[in-house]
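Before any comments, here is the structure.
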Amino acid sequence: MSFRFSRRILLVLLLLCSLACDKDEDKGTRGTKDNPWVIGMSQCNLGEPWREQMNKDIEAAAKKHDKIKVVFKDAQNDNDTQRTHVEEFITQGVDLLIISPKDTGLTKTVAEAFDKKVPVIVLDRAVDGDKFTVFIGGDNKVIGRAAGDWVKKTLGGKGKIVELRGLMTSTPAQDRHNGFREGLGDGIEVVFDAEMDWLEGKARSEMESALTRNKEIDLVYAHNDPGAHGAYLAAKAAGRAKEIKFVGIDALPHEGVRYVEQGILAATFTYPTLGPEAIDTALEILEGKKVPKKKTLGTRIFTKDNVAKGGEDVK
């Protein structure tokens, strides 16, 4: 082997070593102001005020840390679009994925990301199985049961009510329904129930049907505050709002809590937006800390009697 050929081999080896060292150095400096960790946030839709607030809270929490950067995508309530967004995030090489899935139809997509060693935080709506890093959410069954128990006590164990359900392919809607029926007991009659997909406009339309079919309605329980507000608007237009109580879930300060203050809602229950918790957990994961498989947040009830003091914890 000639000296010139040996020298060329040596130069190639030195170049490869240099590239490898640079790559290792780049990995070592991830999570800095100049080279932040990139987090992909896949939101199932922004058609609900609560989800808009979730994104805002995630963004606000992330801005407190210059070592992370969050990229947002809105799936507009379409599973195929959300699958594509997750695939794009993986291809782009995000360091961590946060997803609030439309429903359990995203289970396989989440599992595929997890299998590719991308840490995955699932927010609000659960997926099947255990192929994710951590799930963060409220206990919707507890919230639903507390709502049912409050309705039972408020109506004295009897009456006629309407239930306006969220998207029933999602776990929050299922739990808010099942928990509510458990808390409600057997003495109160549900004279009308319908799925309103978490949307105020659809809730108003369904409530119009309920009012047409039922001359007596004592209370409306909606799976979120926009649904309860839509029902109120329908009842107000029909001249029947004063004879009906309205109960919702979410308790955003500018929405559900304000409706209670205005006397539009009789009660609302907090469902945390999960934004600060998502960012805190993401940082723990990226810094190599161990996190629990599930984080469950509590709830509060707001009524005319306690809204001025910030509501009360649900035990």
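The values are calculated or read from the model by the stated rules, or taken from the named source; none is laboratory data. Because the structure is predicted, anything quoted here is derived from the model rather than measured. So basically every Cβ, Gly included, is an ideal-geometry build from the backbone, and we count neighbours across all protein chains shown.
The set of residues from the stretch 290-315 being touching a helix residue (DSSP H, G or I) at 6+ places or on another chain (Cβ under 6 Å) and either within 13 Å of PHE269 (Cα to Cα) or in the same structural domain as GLY144 (by TED's automatic domain parsing) (or both) comprises THR299, PHE302, VAL307, VAL314. Within the stretch 218-243, the set of residues being in contact with a strand residue (DSSP E or B) (Cβ under 6 Å, 6 or more places away or on another chain) and either farther than 30 Å from ASP124 by Cα or surrounded by fewer than 18 Cβ atoms within 10 Å (Cβ to Cβ) (or both) comprises just one member, ASP218.
Of all residues in the stretch 257-289, those being assigned by TED's automatic domain parsing to the domain that holds VAL118, touching a residue at least 40 places away in the same chain (Cβ under 8 Å) and loosely packed, with under 14 Cβ neighbours inside 10 Å number 1. Applying a threshold of 6 Å to beta carbon distances and a minimum spacing of six or more residues, or different chains, the list of pairs starting in the stretch 63-83 at a residue that is not assigned by TED's automatic domain parsing to the domain that holds CYS44 and aromatic (Phe, Trp, Tyr) and ending at one that is surrounded by 14 or more Cβ atoms within 10 Å (Cβ to Cβ) and part of a helix (DSSP H, G or I) is empty. Scanning the stretch 277-315 for residues that are of a type outside the set (Asp, Glu), under 18 Å from ASP95 (Cα atoms) and not in a loop (DSSP other than H, G, I, E, B) gives ALA278, ILE279, THR281, ALA282, LEU283, ILE285, LEU286. Would you mind stating whether PRO292 is under 30 Å from LEU97 (Cα atoms), within 17 Å of the chain's Cα centre (by Cα) and loosely packed, with under 14 Cβ neighbours inside 10 Å? Here the answer is no, as PRO292 does not meet what is asked.
Checking every residue in the stretch 42-57 against the condition of being of a type outside the set (Gly, Ala, Ser), without any contact (Cβ under 8 Å) to a residue 40 or more places away in the chain and in a loop (DSSP other than H, G, I, E, B) gives at least one match.
Just one of the numbered conditions (1) of a type in the set (S, T, N, Q); (2) without any contact (Cβ under 8 Å) to a residue 24 or more places away in the chain; (3) closer than 18 Å to GLU163 by Cβ is not true of ASN224: (2).
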